[in-house]
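The values are calculated or read from the model by the stated rules, or taken from the named source; none is laboratory data. Everything quoted here is computed from the prediction, not taken from an experiment. Counting neighbours? That spans all protein chains shown, and the Cβs are built from the backbone with ideal geometry, glycine included. To get the accessible areas, we keep the full protein, side chains included, count just its heavy atoms, and leave off ligands, DNA and RNA. Shrake-Rupley method; radii C 1.70, N 1.55, O 1.52, S 1.80 Å.
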Amino acid sequence: MFEYIFGELKVKKVDYIALDINGLAYKIYISLKTFEKLEEIGQKEKIYIHTNVKEDDISFYGFKTENERELFKALISISGVGPKLAIAILSTFNTREVIDIVTGDEAKIFTRVPGLGVKKAQKIILDLKDKVKKLNIIEIDNENSSIANGKLIISTTESVNNTKLILMKEDLKLALESLGYLNADVSKWISDEELSKINDLGESIKIILQKIQEKKK
């Protein structure tokens, strides 16, 4: 239905965004990898679209690159793989990493995706082998891979921590909004280093509120 949507980023959540075009906002579900590449709210974004049509629902899934969209379409074409699992896969691994997993038959690494067991991972790998060859290798070469010789070689701890920070910031923003602090900039009040040390939502809210009160004095 749509090739891409270009509009102002009005809503930016970990799992979806809203792009505004002339007063009409499109809700678009995204992967974590796309989320990490987004501009700040108020900026213009170009998002490649896949329209998922069911009898009772039409949903948009969006991606920063055409390759990620094509990989998503390849994943949901596999029996037993729906949009939610496909997004979970693309939130855990980037396009280059998925290709490395598929070409290396690394089913065990694939099971790092929540809800993906070994048998289904093996089936996905088998069904994807021919499809990944059609992706734009030049574009993919701009992405770093964490897969080598059958092992996940990036700092898994660092990757997990980054994901936790993103999710925690989102939770903090929602919590602050519920307290009346609309459009709160979490990074303005607490650094990533502080958040990683605290690792507790309640304590983080207390620290931010304390800083806000101190600034009002």
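What pairs come out if I take residues in the stretch 116-132 that are part of a helix (DSSP H, G or I) and pair them with residues that are open to solvent by 40 Å² or more (accessible area, probe 1.4 Å) and among the β-branched types (Val, Ile, Thr) whose C-beta lies under 7 Å away, six or more apart or interchain?
Pairs that qualify, where the first residue is part of a helix (DSSP H, G or I) and the partner is open to solvent by 40 Å² or more (accessible area, probe 1.4 Å) and among the β-branched types (Val, Ile, Thr), are Val118/Thr111; Ala121/Thr111.
Filter the stretch 57-72 down to residues that are part of a helix (DSSP H, G or I) and surrounded by fewer than 19 Cβ atoms within 10 Å (Cβ to Cβ), then give me how many there are. Write out each step before concluding.
Taking the stretch 57-72 first, the residues part of a helix (DSSP H, G or I) are 66-72.
With surrounded by fewer than 19 Cβ atoms within 10 Å (Cβ to Cβ) added as a condition, the list becomes 66.
Count: 1.
Kindly list the number of the only condition in (1) modelled with pLDDT of 55 or more; (2) part of a helix (DSSP H, G or I); (3) within 22 Å of Lys37 (Cα to Cα) that fails for Lys197.
For Lys197, the exception is condition (3).
Go through the stretch 16-56 residue by residue and tally those that are in contact (Cβ under 8 Å) with a residue 60 or more places away in the chain, open to solvent by 30 Å² or more (accessible area, probe 1.4 Å) and part of a loop (DSSP other than H, G, I, E, B).
Summing the residues that are in contact (Cβ under 8 Å) with a residue 60 or more places away in the chain, open to solvent by 30 Å² or more (accessible area, probe 1.4 Å) and part of a loop (DSSP other than H, G, I, E, B) in the stretch 16-56 gives 2.
Only one residue in Ile78, Ile109, Ile125 is surrounded by fewer than 22 Cβ atoms within 10 Å (Cβ to Cβ) and touching a Gly at 6+ places or on another chain (Cβ under 8 Å), so which one is that? Walk me through how you get there before you give the answer.
Details: Ile78 fails: touching a Gly at 6+ places or on another chain (Cβ under 8 Å); Ile125 fails: touching a Gly at 6+ places or on another chain (Cβ under 8 Å).
Being surrounded by fewer than 22 Cβ atoms within 10 Å (Cβ to Cβ) and touching a Gly at 6+ places or on another chain (Cβ under 8 Å) holds for just one of Ile78, Ile109, Ile125, which is Ile109.
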